[in-house]
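To start, the structure itself, in structure tokens.
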Amino acid sequence: MTDAATEKQPAPVDARRAGADRRRRTTSVLKHTGLVLVALLMLYPLLWMVVSSFRPNTDIFTEPGLLIDTFDFDHYPNGWDALAYPFNTYLLNSFIVVLGSVIGNLISCSMAAYAFARLKFRGNKLAFVAMLLTIMLPIHVLIIPQYVFYAQLGWINTYLPLIVPKLLATDAFFIFLMVQFIRGIPRELDEAARIDGAGHARIYGQIMLPLMVPALATTAIFTFIWTWNDFFTQLIFVTKPDLQTVPVALRSFIDAQSQSDFGALFAMSVVSLIPVFLVFLFGQRFLLRGIATTGGK
């Protein structure tokens, strides 16, 4: 009877803990392996383009792998001088447009965000809602009236249609991003500044801007990447070859080469990706910080 009443002894605590650790390690290994495979799958087109920029043209579309049998380094010098102007001309044009767009968005969007977040005026909420609604307007709806308007001003084949709107806070996404960030800054700082006699200009310039560095960095990075990769608007407003930017030049590159010298095209595509890669590499810390501090408010 004593034997029947004997209960089964539980497994030792150390054994259970060791088993849990093994399962946790196995799950972690499987999870990271899956993430690496997915990352390689997503990066494959980019890696294939980089590898193809060193392959002979006859091997580009016959070799889907990433291993190179024969290196061809002539694609880069040939592609650099393949168009009407050297490729550094288009790189410089893109940098001009990007620099103007970044400065314009940083100044205008931060001022508009401060007004929406801190100033009290009639129609504040209505104007904020109207601003957010502009996010839903596709560029294809606006491009015709914009072209007519800029043509009447004589701005076609200049960089003004690409830069001036940035100075007028037309990117509602960045305004919303900064408004969310400013709302997270304690209003006690504003009140203390007013007690010291500071006005809105001083509060904006000496208090808000230094605290908004993560949001400003996020705006600068996204503006750089989006403007650098913009093809449609730059194609519409800038048609002169000496003023064309990198995306338009790459499209012209295909026409100039009669769709034959893809090696040179891929080589110049790799060159055009270097600035974007460097900006993301050095600004990643600010980008993650800006998203983390604005997404939850």
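The values are calculated or read from the model by the stated rules, or taken from the named source; none is laboratory data. The shown structure was predicted, so the numbers you read here are calculated from the model rather than taken from an experiment. Every residue, glycine among them, receives a Cβ derived from its backbone with ideal geometry; neighbour counts consider all protein chains shown.
So in the stretch 30-55, with the set limited to residues that are of a type outside the set (A, V, I, L, M) and more than 14 Å from Leu265 (Cβ to Cβ), which one is surrounded by the most Cβ atoms within 10 Å (Cβ to Cβ)?
Result: Tyr44.
Looking at the stretch 203-285, what helices (runs of 4 or more DSSP H) fall wholly within it and have at least 3 residues that are modelled with pLDDT of 90 or more and closer than 25 Å to Ala172 by Cα?
Hits in the stretch 203-285: 213-229, 232-237.
For the stretch 135-185, list the helices (runs of 4 or more DSSP H) that sit wholly inside it and hold at least 1 residues that are without any contact (Cβ under 8 Å) to a residue 24 or more places away in the chain and exposed (fewer than 12 other Cβ atoms within 10 Å of the Cβ); which are they? Give the derivation first.
Details: elements: 139-153, 160-163, 172-183.
Per the criteria, 139-153.
Among all residue pairs at least 6 apart or on different chains, which show Cβ distances below 9 Å where the first residue, located in the stretch 102-130, is free of Cβ contacts under 8 Å to residues at least 60 places away in the same chain and the second is hydrophobic (A, V, I, L, M, F, W, C) and not in a helix (DSSP H, G or I)?
Listed by first residue and then by second, the contacts come to Ala115/Phe121; Ala127/Phe121.
Tell me which residues, restricted to the stretch 62-94, are in a helix (DSSP H, G or I) and in contact with a helix residue (DSSP H, G or I) (Cβ under 8 Å, 6 or more places away or on another chain).
His75, Tyr76, Asn78, Gly79, Trp80, Phe87, Asn88, Thr89, Tyr90, Leu91, Asn93, Ser94
State which residue pairs qualify: first residue part of a helix (DSSP H, G or I) and inside the stretch 49-61, second residue among the polar types (S, T, N, Q) in any location, beta carbons under 8 Å apart, and separation of 6 or more residues or different chains.
Between residues of the stretch 49-61 that are part of a helix (DSSP H, G or I) and residues that are among the polar types (S, T, N, Q), the close pairs are Met49/Ser269; Asn57/Ser260; Asp59/Thr70; Ile60/Ser52.
Considering Ala112, Ala117, Ala130, which residue is out of contact with any helix residue (DSSP H, G or I) (no Cβ under 8 Å at 6 or more places or on another chain), within 19 Å of Phe173 (Cα to Cα), among the small types (Gly, Ala, Ser) and part of a helix (DSSP H, G or I)?
Details: Ala112 fails: out of contact with any helix residue (DSSP H, G or I) (no Cβ under 8 Å at 6 or more places or on another chain); Ala117 fails: out of contact with any helix residue (DSSP H, G or I) (no Cβ under 8 Å at 6 or more places or on another chain).
One residue alone meets the criteria, Ala130.
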